[in-house]
Each structure stands twice: as structure tokens, then as C-alpha cells.
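Engineer: Could you have a look at this structure, given as C-alpha cells, before my questions?
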Amino acid sequence: MILGLNHITIAVSDLERSLGFYRDTLGFTAHVKWDKGAYLSVGELWFCLSCDEPCPKSDYTHIAFDIAPNEFQAFTKRIVSQGVDVWKENKSEGQSLYILDPDGHKLELHSGSLKSRLEALTTKPYSGLVWL
């Protein structure tokens, strides 16, 4: 039986640039790097950078990272002031900043939870919403 999320690996074109972005800009903890990759962590999540040819998607697929509500404004203001590209405006429950990494991978910095999202859906449901 699947227990949960084990790790995320993303393709990066420039290891040093991406390592700097995830470690220095977003604050991930860097553990090791080698010629073609690096292992980092954020909270309990294992995050791998793997040198390859990235192919960013044009759809809504993205990775969302959790941020404490009391840190959201200051953290996201710092990120935006560093010139990180924003790819979408937040229209959902909770606070979100949608940004691109150096290879165009879509990321979200989000303050909220599944519980808070489901509670919001009781008063403002999506079109065609069915509770399972």
C-alpha cells in the first residue's frame, strides 16, 4: 500500500543555478551534489535536482510548497523582489504565490491545507463539484 509522497525529482538544465535558487532563494536544505544532480530537503520532503533537458508544461501542473501564514507576506515579498517570475494570480482559498523556477517549472507557495480548502468549498463550490 502506498504510504505517501517519497520524493520529487525535477530536470534542471544548470545544476548550480537551480541549486542556488532552491537553496538560497527558497531556503531548502542542501545535502549533497554530484556531477549530474543534487539532493535537498524542505520539511520532510526529499527533493532531487537531476541534470537533463527540462520541458516545462503549459498546463496547470505544478508543485505547491507549504508556508506558515504568519511568514507568507514577508517571504513572498522577498521572493518577488529578487525578480522571480510569477505565472498566475491567486484566485483560490488561502494565500498563494505562483512562481517559476529557473527552468520554468511551475511552483506554488501556499498557506492553507486540504482541510481549509474543503471547508471553503462548502460555501463556494467549484462548478460540477461532487463530494465523494
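The values are calculated or read from the model by the stated rules, or taken from the named source; none is laboratory data. This one's a predicted model, so the numbers in the text were calculated from it and none came from an experiment. Here the Cβ is made from the backbone with ideal geometry for all residues, glycine too, and neighbour counts use every protein chain on show. Surface areas here come from the heavy atoms of the whole protein model, side chains and all, with no ligands, DNA or RNA. Shrake-Rupley method; radii C 1.70, N 1.55, O 1.52, S 1.80 Å.
Engineer: Please give the number of the condition PHE72 fails out of (1) touching a residue at least 12 places away in the same chain (Cβ under 8 Å); (2) open to solvent by 50 Å² or more (accessible area, probe 1.4 Å); (3) in a helix (DSSP H, G or I); (4) under 27 Å from LEU114 (Cβ atoms).
Structural biologist: Looking at each condition in turn, PHE72 falls short on (2).
Engineer: Among the residues of the stretch 16-51, what is the count of those that are free of Cβ contacts under 8 Å to residues at least 12 places away in the same chain and either buried (at least 16 other Cβ atoms within 10 Å of the Cβ) or within 12 Å of the chain's Cα centre (by Cα) (or both)? It would help to see each step written out before you state the result.
Structural biologist: Residues of the stretch 16-51 free of Cβ contacts under 8 Å to residues at least 12 places away in the same chain: 16, 20, 24, 30-32, 34, 39, 44.
Remaining after also requiring either buried (at least 16 other Cβ atoms within 10 Å of the Cβ) or within 12 Å of the chain's Cα centre (by Cα) (or both): 30, 39.
Residues that pass the stated criteria total 2.
Engineer: From the list LEU118, LEU109, LEU97, which one is more than 16 Å from GLY20 (Cα to Cα) and in a helix (DSSP H, G or I)? So that I can check it myself, show each step before the final result.
Structural biologist: Values: LEU109 fails: in a helix (DSSP H, G or I); LEU97 fails: in a helix (DSSP H, G or I).
Just a single option satisfies the conditions, and that option is LEU118.
Engineer: Would you be able to say whether some residue in the stretch 78-94 is among the hydrophobic types (A, V, I, L, M, F, W, C) and in a strand (DSSP E or B)?
Structural biologist: First, pick out the residues of the stretch 78-94 that are among the hydrophobic types (A, V, I, L, M, F, W, C): 79-80, 84, 86-87.
Filter once more, keeping what is in a strand (DSSP E or B): 86-87.
So far as the stretch 78-94 goes, yes, one or more of its residues are among the hydrophobic types (A, V, I, L, M, F, W, C) and in a strand (DSSP E or B).
Engineer: Being of a type in the set (Val, Ile, Thr) and either within 14 Å of the chain's Cα centre (by Cα) or loosely packed, with under 13 Cβ neighbours inside 10 Å (or both) is the filter here, so list the residues in the stretch 4-15 that pass it.
Structural biologist: Taking the stretch 4-15 as the starting set, the residues that turn out to be of a type in the set (Val, Ile, Thr) are 8-10, 12.
Matches in the stretch 4-15: ILE8, THR9, ILE10.
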